[in-house]
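Asks: Starting off with a structure, shown below.
Readers should treat all values here as calculations from the given coordinates under stated rules, not as data from a laboratory. Keep in mind that this is a model prediction, so the values were computed, not measured. Here the Cβ is made from the backbone with ideal geometry for all residues, glycine too, and neighbour counts use every protein chain on show.
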Amino acid sequence: MTDTISAISTAIGEAGIGIVRMSGKDSIEIANKIFKDEKIEKLKDGENRKLIYGHIVDPEKDEIIDEVLIVYMKGPYTYTREDMVEIYCHGGVIPVRRILELTLKYGARLADRGEFTKRAFLNGRLDLSQAEAVIDMINAKTDKSYDVSLNQLEGSLSKEIREMRDILLNMIAHIEVSIDFPDEDIEEVTYEQLEEDAKRVYKKIDNLLSTADRGRILRDGLNTVILGKPNVGKSSLLNAILRENRAIVTDVPGTTRDIIEEYVNIDGIPLKIVDTAGIRDTEDLVEKIGVDRAKEMVDKADLIIAVFDMSEDLSKEDKKIIDIIQNKKSIILLNKTDLPVKLNEKQIRKILPDKKIINTSIVKGIGLDELINSIKDMFYSGEMDIKNEVVITNVRHKNQLLKAKNNIEDGLEAIKLNMPLDCIEVDIRNCWKNLGEISGDTVTEDILDKIFSEFCIGK
Ligand code: GDP
Ligand code: ZN
């Protein structure tokens, strides 16, 4: 990993400026081959962290490529801990690409996805959970999800993991001493002490895992499905929510053939709303729910908003929808309250006794605030203060924690049964190892490759 990498670090397209950056020991040498300035002959250590004005020149043709600012940053106080050079040129596709090509021609290699951050990790500047927080910050959909990833980048999760691993390592050390020197006059480990320590770790793992649901929602959005027979007002509802709440810009394709997906920001909760609209007129929605994607969506939903039409009697389709939502987290909208009422509200309340039921007139904007507030209440039930809480947002972390939880449960079991120390040690060690994969202390090359391949090039 001693070669020098180069990449365009800004988004490709029309922009005020674009940045090409290099990392590695040859960065300065390569930069000096293509950078010209009237006063300064060469970038050198004395120019560390100074922004210098000049030109990028193709040395072979002696042709000016662009007018730039350039900065040399000497390692190890850089993002990657290596020597780095950043070139600020005009935005737009052509200048950045031509400058990138020159750096490649004079000795740099095109960086892989996330390779700058990977180097930061491999050089010990960030642990793995912090490196992963960098992707999450880039992808954050709301201020709150951004706060959580910033927190993680600052090392909040790393600290929790480190504390647990310290306890475990301490347990391992005590066990080993007791096994290796059973007769010596040293303090032998007691089962009581082991149990106490294991319980502490168990509790910490459990606490972290209890945040994972909210974490996933913050990261990926609260999966919300709008259900209702044709013409009850599903699309009108989606449009009304979109109008009143800032839509989140996302590169997730919004519209598929039969389903419309939109992201909205409800006071920091990213809501991913799915309107089953496309299924509506042509086919029987409820039939479809039995078989295909619509069913899958309902299964995966965190929340279902079921819409009924107050101006009509309860139909067969409505009843099927009621069946579907019985065991799901759902909010019931009794819509079109502005029209003469036909639907028997009492009946609905009787069949769905535990559900939140709201009377709405979507066309008149009635009941929407109550809906939004109910969604917020659901999410915040159990109060959370994101700024100060470590929230597990990453599926990989969650899975590692689940494994570690199993290990420590096995360990506790073995301790309670007074099993031999070396049996207990196996569980403790596995727990320690699985937690270490979160921070990257014990991690394999292919896991690393997979994680960093999710980054963009230039980060
Ligand atoms: P969808 O098929 O469930 O998506 O229903 P739409 O949103 O397309 O609405 C069907 C029709 O019902 C449209 O003409 C809407 O304007 C109308 N509609 C929706 N909500 C209300 C409401 O609260 N009151 C009245 N009177 N009409 C509504
Ligand atoms: Zn519709």
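Asks: What spacing in nm lies between the two simple spin-label points modelled at Glu154 and Leu110, each 7 Å away from Cα in the Cβ direction?
Replies: Distance between the two pseudo-spin positions: 3.8 nm.
Asks: Name the lysines eligible as straight-distance cross-link partners of Lys203: C-alpha to C-alpha under 27 Å, and not fewer than 8 places from it in the same chain.
Replies: Cα-Cα hits under 27 Å: Lys144, Lys159, Lys387, Lys398, Lys403, Lys405, Lys416, Lys433.
Asks: Something else about it: Assigning unit charges at the beta carbon (Lys, Arg +1; Asp, Glu -1) and nothing else, what dipole magnitude in debye, to the nearest 20, does the chain show about its Cα centre?
Replies: 1920
Asks: Still on this structure, please answer the following. Using a cut-off of under 14 Å, list every residue of the range 299-316 whose amide N is near the label point 7 Å from the Cα of Ile366 along the Cα-to-beta-carbon line.
Replies: Only 310-311 fall inside the zone, counting backbone N under 14 Å.
Asks: Taking Cα pairs under 8 Å and at least six residues apart, what relative contact order does the chain come out at, in percent?
Replies: 17
Asks: Estimate the FRET efficiency between Thr190 and Glu63 by the formula 1/(1 + (r/R0)^6), using the beta-carbon distance for r and 56 Å for R0, to the nearest 0.05.
Replies: 0.15
Asks: In sequence order, what are the phi-derived ³J(HN,Hα) couplings for the range 398-409 according to the Karplus relation 6.51 cos²θ - 1.76 cosθ + 1.60 with θ = phi - 60°, rounded to whole Hz, with x for glycine and proline?
Replies: Per-residue couplings from phi come out as 4, 5, 5, 5, 5, 4, 4, 5, 4, 4, 6, 5 Hz.
Asks: If you take every residue apart from Asp449 with its C-beta less than 12 Å away from the C-beta of Asp449, what net charge results, scoring Lys and Arg +1 and Asp and Glu -1?
Replies: Once all neighbours under 12 Å are counted, the net charge is -2.
Asks: Please report, for the Cα atoms of the range 120-176, the Rg to one decimal and the Dmax as a whole number; what are they, in angstrom?
Replies: Cα radius of gyration and Dmax of the range 120-176 are 14.5, 48 Å respectively.
Asks: A further question follows. Just the ratio, please: alpha-carbon radius of gyration of the range 308-393 over 2.2 N^0.38 Å, N its number of residues.
Replies: That ratio works out to 1.33.
Asks: Mind checking which aspartates and glutamates have their Cα closer than 13 Å to the Cα of Lys141? Skip sequence neighbours fewer than 8 apart in that chain.
Replies: Within the straight-line cut-off, Lys141 pairs with Asp220, Asp251, Glu262, Asp267.
Asks: What list of whole percents do you get for P(r) of the range 1-144, with Cα-Cα distances grouped in 10 Å bins up to the one holding the largest distance?
Replies: In whole percents, the pair-distance histogram is 12, 40, 34, 11, 2, 0.
Asks: First measure r as the distance between the Cβ atoms of Lys328 and Thr444, then evaluate 1/(1 + (r/R0)^6) with R0 = 45 Å and state the FRET efficiency to the nearest 0.05.
Replies: 0.70
Asks: Taking neighbour Cβ counts within 10 Å as the exposure measure, how do Phe116, Phe452, Phe181 sort from fewest upward?
Replies: Ranking Phe116, Phe452, Phe181 by Cβ neighbours within 10 Å, fewest first, gives Phe181, Phe452, Phe116.
Asks: Also: Enter the mean projected area of the convex hull around the alpha-carbon atoms of the range 59-133, in nm², rounded to one decimal.
Replies: 6.0
Asks: For the chain, restrict the atom set to alpha-carbon positions and state the Rg and Dmax in Å.
Replies: So, for the chain, Rg and Dmax equal 28.8, 89 Å respectively.
Asks: Under the Kirkwood approximation for Rh and a Cα-based Rg, what ratio Rg/Rh is obtained for the range 399-439?
Replies: With Rh from the inverse mean 1/r over Cα pairs, Rg/Rh is 1.02.
Asks: Measure of size requested: the Rg and Dmax of the range 312-459, with Cα atoms as the atom set and Å as the unit; please supply both.
Replies: Here Rg and the maximum Cα pair distance are 25.4, 76 Å.
Asks: Hey, for a label at Arg243 modelled as a point 7 Å past Cα toward Cβ, could you say which residues of the range 333-353 have their backbone N under 18 Å away?
Replies: 335-339
Asks: Below 8 Å, C-alpha to C-alpha, sequence gap of six or more: please give me the relative contact order for the range 388-455 in percent.
Replies: Result for the range 388-455 is 33 percent.
Asks: Follow-up question, since we're still on this one. For the chain, what does -39500 (n - 2.57) per DSSP helix run (n ≥ 4), summed and divided by total residues, give at 222 nm, in deg cm²/dmol to the nearest 500?
Replies: That calculation yields -14500 deg cm²/dmol at 222 nm.
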